[in-house]
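To start, the structure under review is shown below, and the notes come after it.
The values are calculated or read from the model by the stated rules, or taken from the named source; none is laboratory data. The structure presented is a predicted model; accordingly, all values stated were derived computationally and were not measured. Here the Cβ positions follow ideal geometry from the backbone for every residue, glycine too, while neighbour counts run over all protein chains shown.
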């Protein structure tokens with residue numbers, strides 16, 4: 001019995017309810033309520049597991065690129081046969097283009113593939129999202145807008161801080 005009384009008292013203290021004559025009036029009130037709360041920038045940093053997964057993916061991707069570039073080097077070595085009189089200019093031009101691709105592939109392999117080590121920027125994996133301090137949803141079955149409020153004076157915070165903030169509810173019934 002005491003537990004039920006405590007639960008009911010806490011529900012009354014953390015929530016507010018208002019009755020409106022129509023759905024439209026309740027919607028306007030809920031929208032105004034949400035707007036008055038403002039927004040906060042929530043920053044989510046990549047977890048170690050997400051970082052490691054991304055690093056492994058990039059590593060596999062780099063290893064495959066190194067294999068492809070090494071194959072280009074082997075396949076595209078130019079065959080410059082200047083002494084052959086039947087050797088036309090188009091073939092010679094294609095050989096030079098192939099030689100250029102080969103040089104680019106060699107440069108890529110020298111810079112990235114000996115040994116292939118993928119670099120993942122952890123800061124680039126950080127996501128920032130604007131979130132409403134107050135948000136409202138229409139529950140048509142119960143004929144009310146249910147609004148959640150997270151009270152904070154900060155303009156920017158981590159996801160962990162955001163999730164710890166106690167949620168308070170307000171109800172706009174119609």
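Assorted remarks:
- Segment 39-59 residues that are under 22 Å from residue 117 (Cβ atoms), paired with ones that are modelled with pLDDT under 90 and surrounded by fewer than 13 Cβ atoms within 10 Å (Cβ to Cβ) (beta carbon under 6 Å, 6 or more apart): none
- Residues of segment 127-148 satisfying the condition of being closer than 26 Å to residue 46 by Cα and either more than 21 Å from the chain's Cα centre (by Cα) or free of Cβ contacts under 8 Å to residues at least 60 places away in the same chain (or both): 134, 135
- All conditions in (1) at pLDDT 80 or above; (2) surrounded by 11 or more Cβ atoms within 10 Å (Cβ to Cβ); (3) in a helix (DSSP H, G or I) hold for residue 124, with the sole exception of (2).
- Here residue 36 fulfils each of the conditions (1) surrounded by 14 or more Cβ atoms within 10 Å (Cβ to Cβ); (2) at pLDDT 75 or above; (3) in contact with a strand residue (DSSP E or B) (Cβ under 8 Å, 6 or more places away or on another chain) apart from (1).
- Residues located in segment 28-76, provided they are closer than 30 Å to residue 137 by Cβ and assigned to a helix (DSSP H, G or I): 28, 29, 30, 31, 32, 33, 34, 35, 36, 37, 50
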